[in-house]
Amino acid sequence: MATVGMSASSCKVSVQLRSSRAGKCVSSARIVPRGARLQVVNAGPIGGSSTMGTSRKQNEDRYEFKMDPSGEKTGKPYAYIGVYDGHGGFATADWCKEKLFDYVVENWTQEPPDRSTRLGFINADRELLDKRGFLGLGERGVGGSKCGSTAAVALVYKAKGVATLLAAGAGDARVLVCENGKEPVQLTIDHVPDTESERLRIEAANPNLNMPIVQYVGGTWRVGGLLALSRSLGDAYMKESLVYEGISDKGNNYGSGFGVIADPDVEIVDISGKKGWLIVSSDGLNTNEERGGGGGLDNNEVSKRCADAKDPEALAKLLIKDAVAAGSTDDVSVVCVRLEDLQ
């Protein structure tokens, strides 16, 4: 199994090699010196890159990828990519990079895999929220109650011998398929409170009809007037607490918290015979001026840059460079891999 991970805070790369897949080397990795603004990792067919936003004091993004050829025979994922966009610090994103994969595959089943993946996210979030400071007296959550992270993951496994891609996301990081000669397909949903379905879900549990939970503050819609996401891992201050079970009014039960959840949306697609690119990225790559993140690239612009790409590392660096040139001020992390190399 080749395991490659990157921490933008320490710029450390670890590689463990047990085998290679289809003759492709998965052991090549480049360590970027501490203090470098741009971090790059390449592991054979997969390339990743990350850069700190121009308005940031530190890069709170994290990403990882793993390949285990033995999964092709066992039915378990043989490729995994994760991008985690932290906020309120990088502790939650760090935790996700180290542990979310284990939660997802711990109870992996193909009948159906979407359920086990969702359960993995939810159980991981419970563990995150259970963490407290010294002697259990500190705030809930890894990194404190206001530390959280989005998560976009892509897993590839064989379903009845067919190469299958599962994409799961909580928050606004994205999984994008850019197939040659076709329109790009975004497999994840941007979980933000300005999306009507998310706003309605949150407000359905609001006991005070005179005080909306979703409020327009600082040029964007925010849960509780604070968080510009409707789903995430961590963010204990926005989550239900077992200490406070909620209230009951006129026969209606209302839970505690602000309606922010870690339950991901999951999409499953057949990628056998497909050619093109799989792109997993934090939202810093994308155009989101209306949400305070500056400019960036839309999905079509990302797809155009994939058309002539040859090398995954070079493509990841190009996408980041062009997103920053287009006005992105956020941290940007991108992981790229050819669809052909996942089959």
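The table for this structure:
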| quantity | calculated |
| --- | --- |
| Scope the range 110-130; condition assigned to a helix (DSSP H, G or I) and without any contact (Cβ under 8 Å) to a residue 24 or more places away in the chain; matching residues | Arg115, Ser116, Leu119, Gly120, Asn123, Arg126, Asp130 |
| Among residues of the range 167-189, those that are among the acidic types (Asp, Glu) and either surrounded by 24 or more Cβ atoms within 10 Å (Cβ to Cβ) or in contact with a Gly (Cβ under 8 Å, 6 or more places away or on another chain) (or both), counted | 2 |
| Output for the range 99-109, where each listed residue is in a helix (DSSP H, G or I) and free of Cβ contacts under 8 Å to residues at least 24 places away in the same chain | Asp102, Glu106 |
| Residue satisfying all of: in the range 116-139; modelled with pLDDT of 95 or more and charged (D, E, K, R); surrounded by the most Cβ atoms within 10 Å (Cβ to Cβ) among these | Asp125 |
| Restricting the range 316-337 to residues that are of a type outside the set (Gly, Ala, Ser) and more than 19 Å from the chain's Cα centre (by Cα), the residue that is surrounded by the fewest Cβ atoms within 10 Å (Cβ to Cβ) | Lys321 |
| Single condition Cys147 does not satisfy, out of (1) in contact (Cβ under 8 Å) with a residue 24 or more places away in the chain; (2) under 23 Å from Glu267 (Cβ atoms) | (2) |
| Flag if Thr92 is touching a strand residue (DSSP E or B) at 6+ places or on another chain (Cβ under 7 Å), hydroxyl-bearing (Ser, Thr, Tyr) and over 25 Å from Val337 (Cα atoms) | yes |
| Residue list for the range 314-343, restricted to those being closer than 18 Å to Glu179 by Cα and not aliphatic (A, V, I, L, M) | Cys336, Arg338, Glu340, Asp341, Gln343 |
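The values are calculated or read from the model by the stated rules, or taken from the named source; none is laboratory data. None of these values were measured; they are calculated from a predicted model. Cβ atoms come from the backbone with ideal geometry, glycine included; neighbour counts cover every protein chain shown.
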